[in-house]
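One structure below.
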Amino acid sequence: MSDTQKIIEIEVLRYNPESDQEPHSQVYKVPFTDDMSVLQGAQYIKDNFDGSLTYRWSCRMAICGSCGMMINGVPKLSCETFLRDYYPNRIRIEAMAHFPIEKDLVVDLSGFMEKLEAIQPYIIPKEPRTLEQGEYIQTPSQFAEFIQYTSCINCTLCYAACPQVGLNPDFIGPAAIALAHRYNMDSRDGGQAQRMELLASEDGVYNCSAVGYCSEVCPKHVDPGNAVNVNKIHAAKDYFLRFLSPKGGSK
Amino acid sequence: MKNTKIRKRSNAPIFWGLFGGGGMLAALFGPMLVFITGLAIPLGLLLPADTMSYAKMLAFAQNILGKGFIFAVIALFMWHAAHRIFHSLHEFGVHAGTGCKLLTYGVAFVSTIVAAVILLGL
């Protein structure tokens, strides 16, 4: 280590369910170079100071959505956040807000998985289609209706950002609603009525108070806040027109 | 949240609709009304001094369109405010539920009735 080696203090929220009553902070002094991400900082701690430090990661390039954490209180992907931007100040990393902590920086995503499954994030065809009918034809404008929402990588940073998810853990939440919207808007899909039951429910879109922080923290520039609020209009139409239309979604 | 759970349909569209309607009206007419009633008339700017005289205002409130305008502005503004206050309380950690709902939407409801009764009596 040369004399010019820069050292940053990383404060990590630690929690070991086998021995700790509650999470506690631990500070590590990590030598770093300008090209090191926060994730690499965590890896340095694991390799050099404490092999028990637990966190999720995979791709290191903002594709997989595994390495989300609170960095100085802001939900971010640790692989695309750089230590140099915080130096010489101390950097604080914690498990994502609004999720139960499993161990250290790893959160329990099972609640999110249930929500994701519940919105049926796949194409539900309007009617059965035979091979002879060929492929679906979609125009550029039909494609443009949903393309941005396909960029979601399920990193759940938007759940860590959403104050309403924090207040009501049953709220379906930004990413799952954005994906419901992605399939609802697809010209090949006919599952709107089935998804409406969920969107219009008490766990649905009206939990949102249009804070918009979900869209701000999204690393893939999806706009879940817009998806949620557009569906307030759809759910309101469904609410008032369900008696006129046989297609009304909810019971 | 379990997938097997039977989900109750939210009745929020009623309140959200009134909130949205009030918000739209407030955005379109709010600043103008504040300017006319709060600045222009008291300070004698732009408008004739007797624009809001009792006789003129009474005639306005007796006209069916005038009645409608006054009613919409009072009632929808109140529902808008009630909804906003109710949700702000929630965000500040006051989750009294039914109590908060009764207080906020209740005030809007009472205001709506009072406005309707008074306007119809003119």
Scan the stretch B:8-66 residue by residue and report those that are touching a Lys or Arg at 6+ places or on another chain (Cβ under 8 Å) and more than 14 Å from chain A (Cβ to nearest Cβ).
B:D50, B:A61
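Suppose we keep only residues that are open to solvent by 60 Å² or more (accessible area, probe 1.4 Å) and away from chain B (no Cβ under 14 Å) within the stretch A:81-102. Which one would you say is nearest to the chain's Cα centre (by Cα)? Steps first, answer last, please.
Taking the stretch A:81-102 and keeping what is open to solvent by 60 Å² or more (accessible area, probe 1.4 Å), we get A:84-85, A:87-90, A:92, A:98, A:100, A:102.
Next, only the ones that are away from chain B (no Cβ under 14 Å) stay: A:84-85, A:87-90, A:92, A:102.
On the way: A:R84: 25, A:D85: 23, A:Y87: 27, A:P88: 30, A:N89: 27, A:R90: 26, A:R92: 20, A:E102: 17 Å.
Checked the stretch A:81-102; the qualifying residue nearest to the chain's Cα centre (by Cα) is A:E102.
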When you scan the stretch B:1-52, how many residues do you find that are at pLDDT 90 or above, small (G, A, S) and over 17 Å from the mean Cα position of the chain (by Cα)?
2
Look at the stretch A:199-216 and say how many of its residues are open to solvent by 20 Å² or more (accessible area, probe 1.4 Å) and either in contact with a strand residue (DSSP E or B) (Cβ under 8 Å, 6 or more places away or on another chain) or of a type outside the set (G, A, S) (or both).
7
Every residue from the stretch A:177-197 that is open to solvent by 40 Å² or more (accessible area, probe 1.4 Å) and basic (K, R):
A:R188
Residues that are within 14 Å of chain B (Cβ to nearest Cβ) and in a helix (DSSP H, G or I), drawn from the stretch A:111-147:
A:G111, A:F112, A:M113, A:E114, A:K115, A:L116, A:E117, A:A118
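Quick check on the stretch B:107-121: of everything there that is over 11 Å from the mean Cα position of the chain (by Cα) and surrounded by 12 or more Cβ atoms within 10 Å (Cβ to Cβ), which residue is farthest from B:I64 (Cα to Cα)? Quick ask: steps written out before the conclusion?
We begin by selecting, within the stretch B:107-121, every residue over 11 Å from the mean Cα position of the chain (by Cα); these are B:110, B:113-114, B:116-121.
Of the ones still in play, those that are also surrounded by 12 or more Cβ atoms within 10 Å (Cβ to Cβ) are B:114, B:116, B:118-119.
Values: B:V114: 17, B:A116: 12, B:I118: 13, B:L119: 10 Å.
Here the residue is B:V114.
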Pairing a residue in the stretch A:198-210 that is at the interface with another protein chain (Cβ under 7 Å from one of its Cβ atoms) and more than 17 Å from A:L179 (Cα to Cα) with any residue that is charged (D, E, K, R) and surrounded by fewer than 24 Cβ atoms within 10 Å (Cβ to Cβ), where Cβ atoms lie under 6 Å and the two sit 6 or more apart in sequence or on different chains, gives A:E202/B:K8
Check A:F171, A:F240 and return the single one that is without any contact (Cβ under 8 Å) to a residue 40 or more places away in the chain, within 14 Å of chain B (Cβ to nearest Cβ), out of contact with any strand residue (DSSP E or B) (no Cβ under 9 Å at 6 or more places or on another chain) and open to solvent by less than 30 Å² (accessible area, probe 1.4 Å).
A:F171
A:G73 is checked against (1) more than 23 Å from A:P169 (Cβ to Cβ); (2) surrounded by fewer than 18 Cβ atoms within 10 Å (Cβ to Cβ) and fails just one. What number does that condition carry?
(1)
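Restricting to the stretch B:87-97, name every residue that is open to solvent by 40 Å² or more (accessible area, probe 1.4 Å) and assigned to a helix (DSSP H, G or I). Working first, answer last.
Pass one, the stretch B:87-97, residues open to solvent by 40 Å² or more (accessible area, probe 1.4 Å): B:89-96.
Those that are open to solvent by 40 Å² or more (accessible area, probe 1.4 Å) and assigned to a helix (DSSP H, G or I): B:L89, B:H90, B:E91.
Could you tell me whether the stretch A:144-158 includes any residue that is farther than 30 Å from A:V74 by Cβ and either outside the structural domain of A:A97 (by TED's automatic domain parsing) or touching a Ser or Thr at 6+ places or on another chain (Cβ under 8 Å) (or both)?
Of the residues in the stretch A:144-158, the ones farther than 30 Å from A:V74 by Cβ are A:144-145.
Next, from what is left, pick out any that are either outside the structural domain of A:A97 (by TED's automatic domain parsing) or touching a Ser or Thr at 6+ places or on another chain (Cβ under 8 Å) (or both): A:144-145.
Yes, the stretch A:144-158 contains at least one residue that is farther than 30 Å from A:V74 by Cβ and either outside the structural domain of A:A97 (by TED's automatic domain parsing) or touching a Ser or Thr at 6+ places or on another chain (Cβ under 8 Å) (or both).
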Selection from the stretch A:1-51 of residues closer than 20 Å to A:Y87 by Cβ, among the polar types (S, T, N, Q) and open to solvent by 60 Å² or more (accessible area, probe 1.4 Å) yields A:S2, A:T4, A:S25, A:Q26, A:T33, A:Q40, A:N48
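The values are calculated or read from the model by the stated rules, or taken from the named source; none is laboratory data. Because the structure is predicted, anything quoted here is derived from the model rather than measured. Ideal geometry is used to build each Cβ from the backbone, glycine not excepted, and the neighbour counts take in all protein chains shown. To get the accessible areas, we keep the full protein, side chains included, count just its heavy atoms, and leave off ligands, DNA and RNA. Shrake-Rupley method; radii C 1.70, N 1.55, O 1.52, S 1.80 Å.
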